Amino acid sequence: MKQEYKLKKVVDFFNLTENETELLDQLKEEKAPLFIKIISLIAGFFVNLCFVGFLFITNLIETPEVILIIGLLLFSITVWLSRKNLSETINVAIISFFATGISLFVYGYMDINPNIYIEFPLILLGVLGVILTKNNIIQFLSFILIFGSLIVFGYEITSVLFLSLFLIIITFSCSYLFVYEGTTIIKNTYLKKIYRPLLLSLFLTTIYLASANAPIIYFYQDTFEYHNLLTHIVNVSCAICILFILIKIQYKFQIANQPKVFLFYLIVTIILYLISNSTLLLYGILFLLITYYSNNSIPLVISFLLFLYGLFLFYYDMNLSLLYKSLLLISTGILFLILFLFTKKQLSHEEL
Amino acid sequence: MKNLRSVFYELTDIKKIQASEAQNFFEKEIFASKFDWQQFFRWAFLACGIGFLGVGIVFFFAYNWDALHKFVKLGLIGSLLVFSIILYFLPKFSEQIKQLIIKVSCLLIGVLFAVFGQIYQTGANAFDFFLAWSIFAFLWVLISNFLPLWLLYFFLVNTTLYFLFKQVNLPVEDFVFFTFVVFLNSLPLLVSYIRIKYTKKELTYWFLAPITIANTVFISVIIGFIIIDSFNDFPYSWLAFIFGICYLAFQFFYAFQVKQVSYIALAAISVVALFCMKIIVFIDSEESILIIGIIILVSASILIKTLINLNKKWHHETGV
C-alpha cells in the first residue's frame, strides 16, 4: 500500500482538516525496520557477554558490594541515556549497559544475600525500567524481566497455583490488549507509549508458560498439588478467550439466522471439549485467531507454529493404536473438507 | 515503510480522538475484515482437510505396511505418482494448483525410492538415496520452474552433498568441498544478477533470503576455521579464503543493485565476526574479550546508522 493511500484512508476516516493533514504528512521520520532492532538486541547482548566475561575472567572487581553498585550505576546510565531522544544508533550501547547492569546486579546481590529472593529487587528494577525509560526495546526487556522474575518466583516456591493464576491473568490481558488496541491506547496516554513492548512481552510470556508449564507440572506431580484441577482451570480460561474472539468474529459476519448461530457455537463447544486436555493446542488456536484478527503478522507466524506443534502433541499423546489414530485423522479430514465445501457453497451463494 | 497503524499512532499526537472512534477505525481499516475471515476459514478448512486426510491415510498404511504385498506397496506409490502427473496435465486446474501438484510429485519420487530400497534391501546408503532423488526430480523442477520448488530442490541438493561429505571418503580437502557447496548455493544470486542486467527483473527476496543466510553462515564458518587454524595447516585453504571474500563482496554489490539492506547487514555481521576471531587469535589474552566487546559495540552502531540511512534513502527513491 502506498504511503499517500494510507494517509488518505486516515484523512477520510477522521475527516481531518487541511492543517491536521499537513501536520500528519510532515511526520516523515520513520522508525527502524524490525531486523535492525533485532541486530541491536543481539549485538547488545554480545557486548554484555564480553564485558561481564572480561570482568570475571580478570577478577578485576572482587567485592560483591562494588559489583552491585556498578550494576546499579550501569542501570542508571541506561535510564539516563534512554530518556534523551537519541537516534537508534545508540541502541546497542543502551541495551548492552542495561543487560550488563542487570547481570552485575544479580551476581552482586546473590553473593551478598544468597538466601533472600532475588526476584523482588529485579521486579522493582523492571518497573523502574518501564516507567523511567523512553526506549521501546528497554521497556520490552524490562517487561520480560518482570514477567520472568514472577515465573522464577513461582518455580522457586513450587506453587502451581501461583503459576496457573499468573497464566490465566496474562492470557486474559493479552487477549484484551490485542482485540481492543484502539480503545486501550486512546483511554490511557501512558499505555499508548508502552503498548507495543507490553503486548509483545505478554504474548511471548504466555506462549512460554503455556508450553513450559504443562511439562514442568507433569515432572513434579508429587511436588505440585491439585495440578490436574488447575490445568483444567487454565484450559477453561483459554477456551473462554477463544469463545470471546469467536463472538467478535461472529459480529463481523452479522449472521441474523439464530439456528445457524446456535449450530456454530454447538460445534465450537464440542471441538473445545474434545481438545480440552491439550493446553498447547488451545493456546495455538487462541493466538492464531487473535493475531489474525488484529492483523499482527510476526505474532501470527509464531502462533501458527505453536498451533502446528500443539496439534502434533495432541495426536502424539493420544492413548490409541496407530490404526484408530489413522481412522480418527481420516474422519477429521473428511469433516474439515465438508466444512470447506459448505463455506465455499455459502460464499458463492453470497456472491450471487 | 510506515503501516496504517503507525500513521494512526502519529495522528493521536495531533488530534484528540474518541476511544470508540479509534476502536471503530481499527475494526474497519486495520483488523481482519469479513472477507479476510472468509478467506481464512476457507483456506484453513481446506488445508486441515487435506492435511488430516493425507496424514490419516499415511498412518493407515503404516499400520498395515508389513501385511501388504511388495507389488501393492510399490503400486500404491507409483499410481499416486502417475495420478498426480495426470492431474498436472488437466486443463481445469489453475497454475497455482498445478504447481502444488508438481511439488507433491517430486516428494512422491523420493517416497518411491525409499519404498524400493526398503523392499529389495538394495544396500544403498542415505547419499545414494538422496542422489537418486535429486537426479530424478531435476526434470520436474526444471519444467515447472516454480520458485518454492526450486528452494526445496536446493535444500535436497544440499542434503545430498552433506551425506556425500559424511558417508563417502572424498579425495579432496574439507575446505575445498565446502567452498564448492557455497559456490553452488551462490548460483541463484548470480542468476538474479544476470536477470537484472538483461531483463531488469530480480529473483524474489523470499527465495534468495534463506539461501543468502545459509551461504553467509557457511562462508563465516569456513573462513573462521581458516583464521583459527592458520593458512599453513591446510592446502588450498587460501582458495577458500579468497572465494569467501569475493562472495561477501559480491553480496554487498548485489545489495546495492537491488536496494536491499538485509544483504548488507548479513555480509557486514559476517565481516565483524571474522575480524573478532582474528583478534582473539592475534592477541590471545584476557584483554581480547574486552577489545571484542568494544569492536562489536562500535561496529554495530556504525552498521545500524548506515543501514537506517540507506533504508530511508532507498525507500524514498522507490516511494513505498
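The values are calculated or read from the model by the stated rules, or taken from the named source; none is laboratory data. Since the model is a prediction, treat every value here as computed from it, not as a measurement. We place every Cβ from the backbone using ideal geometry, glycine too, and count neighbours over all the protein chains shown.
So B:Ser84 clears everything in (1) within 8 Å of another protein chain (Cβ to nearest Cβ); (2) assigned to a helix (DSSP H, G or I); (3) among the small types (Gly, Ala, Ser); (4) surrounded by 16 or more Cβ atoms within 10 Å (Cβ to Cβ) except one condition, right? Which one?
Condition (1) is where B:Ser84 drops out.
Enumerate the helices (runs of 4 or more DSSP H) found wholly within region B:107-192, keeping only those where 2 or more residues are touching a Leu at 6+ places or on another chain (Cβ under 9 Å) and under 27 Å from B:Tyr88 (Cβ atoms).
Per the criteria, B:126-144, B:147-167.
For region B:125-136, does any single residue satisfy the condition of being modelled with pLDDT of 85 or more, among the β-branched types (Val, Ile, Thr), touching a Ser or Thr at 6+ places or on another chain (Cβ under 7 Å) and surrounded by fewer than 18 Cβ atoms within 10 Å (Cβ to Cβ)?
No, that holds for no residue.
For B:Ile102, all conditions in the list (1) under 23 Å from the mean Cα position of the chain (by Cα); (2) surrounded by fewer than 17 Cβ atoms within 10 Å (Cβ to Cβ) hold save one; what is the number of the exception?
(2)
What pairs come up if the first residue lies in region B:76-102 and is in contact (Cβ under 8 Å) with a residue 24 or more places away in the chain, the second is outside any helix (DSSP H, G or I), and their beta carbons are under 6 Å apart, counting only those six or more places apart or on different chains?
Correct list of pairs: B:Gln99/B:Phe146.
Please determine whether any residue of region A:180-193 is at pLDDT 90 or above, assigned to a helix (DSSP H, G or I), farther than 30 Å from A:Leu81 by Cβ and of a type outside the set (S, T, N, Q).
The answer is no, given that none of the residues of region A:180-193 is at pLDDT 90 or above, assigned to a helix (DSSP H, G or I), farther than 30 Å from A:Leu81 by Cβ and of a type outside the set (S, T, N, Q).
I'd like to verify a number: residues in region B:15-30 that are facing chain A (nearest Cβ under 7 Å), within 18 Å of A:Lys187 (Cβ to Cβ) and buried (at least 16 other Cβ atoms within 10 Å of the Cβ), how many?
Here the count works out to 6.
If we scan region A:295-304, do we find a residue that is surrounded by fewer than 19 Cβ atoms within 10 Å (Cβ to Cβ), closer than 26 Å to A:Glu181 by Cβ and among the small types (Gly, Ala, Ser)?
Checking region A:295-304: at least one residue is surrounded by fewer than 19 Cβ atoms within 10 Å (Cβ to Cβ), closer than 26 Å to A:Glu181 by Cβ and among the small types (Gly, Ala, Ser).
Among the numbered conditions (1) farther than 30 Å from B:Leu11 by Cβ; (2) facing chain B (nearest Cβ under 10 Å); (3) outside any helix (DSSP H, G or I); (4) not small (Gly, Ala, Ser), tell me where A:Leu49 comes up short.
Condition not satisfied by A:Leu49: (3).
So in region B:34-67, with the set limited to residues that are more than 7 Å from chain A (Cβ to nearest Cβ) and over 26 Å from A:Phe312 (Cβ atoms), which one is surrounded by the fewest Cβ atoms within 10 Å (Cβ to Cβ)?
B:Ala67
For B:Phe178, state whether it is surrounded by 15 or more Cβ atoms within 10 Å (Cβ to Cβ), aromatic (Phe, Trp, Tyr) and modelled with pLDDT under 85.
Taking the combined requirement at face value, the residue satisfies it.
Go through region B:194-213 residue by residue and tally those that are part of a helix (DSSP H, G or I) and over 30 Å from B:Ile227 (Cα atoms).
Step one: list which residues in region B:194-213 are part of a helix (DSSP H, G or I), which gives B:194-199, B:205-213.
Subsequent filtering for residues that are over 30 Å from B:Ile227 (Cα atoms) retains B:194-199, B:205-207.
Final tally of qualifying residues: 9.
Here's a check for you: in region B:268-320, which residue that is touching a residue at least 24 places away in the same chain (Cβ under 8 Å) and among the small types (Gly, Ala, Ser) is farthest from the other protein chains (Cβ to nearest Cβ)?
B:Ser270
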